[in-house]
Amino acid sequence: MNDIFEAVKLNLDVSQNRSLKESVYQAFRKTIILGDIPAGVRINEMEFADVLNISRTPIRYALKKLTEENLVEHVPRIGMMVKGIRIKDAHEIYDIRKALDTLATIKAMENMTSEDYCELEALLEYGEQLNALDKVDEVLQNFSDFNAFIYEKSEMLRLREIVTDLQTYLVYFRDVAIRSSARRSIALEEHWLILKGMKNNDIPLITMMVHDHLDRSLDFILAEMERRRLG
């Protein structure tokens, strides 16, 4: 149990510009998703409040939000139990993302101007520069900016909200995968091919590359989940 307390403390970042209750929620969320609090473990509010030296209110807030996300559940006469995230959840999330990302990319293609394409190309060139300098965190942000640009140009706000909610579950694993230099370089090549499909109005190429890109990302995530024995 001490390892679990230490994992939450390690992920508790109060330096960010957010409230204590939000910081506690994010710490629990990351710790649960990464499997450092295994499924089936009971979360005792009082114990965590003592260890973190805070009141029970932020912990109660965190557990409420995690219950809404289906990461924890209340079991009668037992209390709050961790459900966590499983390999089958990752497959489901990525199947949904394939459909939604393909739709967003095609819609963006239909809406984008020549200036938009120049801006997206410049973004990818900047990503290449960052990757060459091995600036990992900046490359991660560049990838996020690429996805955000496409979703913005798709002009499908509800679609963007759905995908944002989905990918937050796996963002920690994605970051682990992308930190591999080989995966970063391949992902950049895939982004260039997606852009080529958009510029050529080639829907089959767009569909193939979006699916291939997400399949490769999923492979890295599944390997990390299996390493962590998240089943």
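Of all residues in the stretch 207-225, how many are free of Cβ contacts under 8 Å to residues at least 24 places away in the same chain, in contact with a helix residue (DSSP H, G or I) (Cβ under 7 Å, 6 or more places away or on another chain) and of a type in the set (A, V, I, L, M)?
The qualifying residues number 1.
Can you tell me which residue within the stretch 58-73, out of those that are open to solvent by 30 Å² or more (accessible area, probe 1.4 Å) and within 24 Å of Ile87 (Cβ to Cβ), is farthest from the chain's Cα centre (by Cα)?
Among residues in the stretch 58-73 that are open to solvent by 30 Å² or more (accessible area, probe 1.4 Å) and within 24 Å of Ile87 (Cβ to Cβ), the one farthest from the chain's Cα centre (by Cα) is Glu73.
Counting only residues that are at pLDDT below 90 and polar (S, T, N, Q), which one in the stretch 1-21 is least open to solvent (accessible area, probe 1.4 Å)?
Of everything passing the filter in the stretch 1-21, Asn11 is least open to solvent (accessible area, probe 1.4 Å).
Which of the following residues is exposed (fewer than 14 other Cβ atoms within 10 Å of the Cβ), of a type in the set (Asp, Glu), out of contact with any His (no Cβ under 7 Å at 6 or more places or on another chain) and farther than 23 Å from Leu100 by Cβ: Glu125, Glu161?
Result: Glu125 is the single residue among Glu125, Glu161 that is exposed (fewer than 14 other Cβ atoms within 10 Å of the Cβ), of a type in the set (Asp, Glu), out of contact with any His (no Cβ under 7 Å at 6 or more places or on another chain) and farther than 23 Å from Leu100 by Cβ.
If you check every pair at least six apart or on different chains, which have Cβ atoms under 6 Å apart with a residue in the stretch 63-82 that is at positive phi first and a residue that is charged (D, E, K, R) and open to solvent by 30 Å² or more (accessible area, probe 1.4 Å) second?
If the second residue must be charged (D, E, K, R) and open to solvent by 30 Å² or more (accessible area, probe 1.4 Å), the pairs left are Gly79/Arg42.
Cβ-Cβ distance below 9 Å, separation of 6 or more or different chains: which pairs start in the stretch 181-206 with a residue that is closer than 17 Å to Asp134 by Cβ and assigned to a helix (DSSP H, G or I) and end on one that is of a type in the set (Phe, Trp, Tyr) and at pLDDT below 95?
Hits for this filter: Arg183/Phe220; Arg184/Phe143; Ala187/Phe143; Leu188/Phe143.
Filtering the stretch 27-57 down to residues that are β-branched (Val, Ile, Thr) and surrounded by fewer than 19 Cβ atoms within 10 Å (Cβ to Cβ), which residue is nearest to the chain's Cα centre (by Cα)?
Checking each candidate, the answer is Val41.
Regarding Val24, is this residue of a type outside the set (Gly, Ala, Ser), touching a Pro at 6+ places or on another chain (Cβ under 6 Å), in a helix (DSSP H, G or I) and open to solvent by less than 20 Å² (accessible area, probe 1.4 Å)?
yes
It is to be established whether one or more residues within the stretch 22-43 are in contact with a strand residue (DSSP E or B) (Cβ under 9 Å, 6 or more places away or on another chain) and under 30 Å from Leu159 (Cβ atoms).
Yes.
If a residue has to be part of a helix (DSSP H, G or I) and within 17 Å of the chain's Cα centre (by Cα) to count, how many in the stretch 151-170 make the cut?
The number of residues fulfilling the criteria is 10.
Just for the stretch 128-142: of the residues that are open to solvent by 70 Å² or more (accessible area, probe 1.4 Å) and polar (S, T, N, Q), which one is farthest from the chain's Cα centre (by Cα)?
Gln129
Inspect the stretch 160-180 for any residue being closer than 21 Å to Ala223 by Cα, of a type in the set (Gly, Ala, Ser) and out of contact with any Cys (no Cβ under 8 Å at 6 or more places or on another chain) and give the result as yes or no.
Yes, some residue in the stretch 160-180 is closer than 21 Å to Ala223 by Cα, of a type in the set (Gly, Ala, Ser) and out of contact with any Cys (no Cβ under 8 Å at 6 or more places or on another chain).
Quick check, is Val210 closer than 17 Å to Ile96 by Cβ, open to solvent by less than 30 Å² (accessible area, probe 1.4 Å) and out of contact with any Phe, Trp or Tyr (no Cβ under 6 Å at 6 or more places or on another chain)?
yes
Say we look at the stretch 74-86 and pick out the residues that are under 22 Å from the mean Cα position of the chain (by Cα) and open to solvent by 30 Å² or more (accessible area, probe 1.4 Å); which of these is nearest to Met208 (Cα to Cα)?
In this case the residue turns out to be Arg86.
Could you tell me how many of the residues in the stretch 88-102 are touching a Leu at 6+ places or on another chain (Cβ under 7 Å) and open to solvent by less than 60 Å² (accessible area, probe 1.4 Å)?
Qualifying residue count for the region: 7.
The values are calculated or read from the model by the stated rules, or taken from the named source; none is laboratory data. Nothing here was measured: the structure is a model prediction, and the numbers come from that model. When we count neighbours, we look across all protein chains shown, and the Cβ atoms used for this are built from the backbone with ideal geometry, even at glycine. Heavy atoms of the whole protein, side chains included, go into the accessibility calculation; ligands, DNA and RNA do not. Shrake-Rupley method; radii C 1.70, N 1.55, O 1.52, S 1.80 Å.
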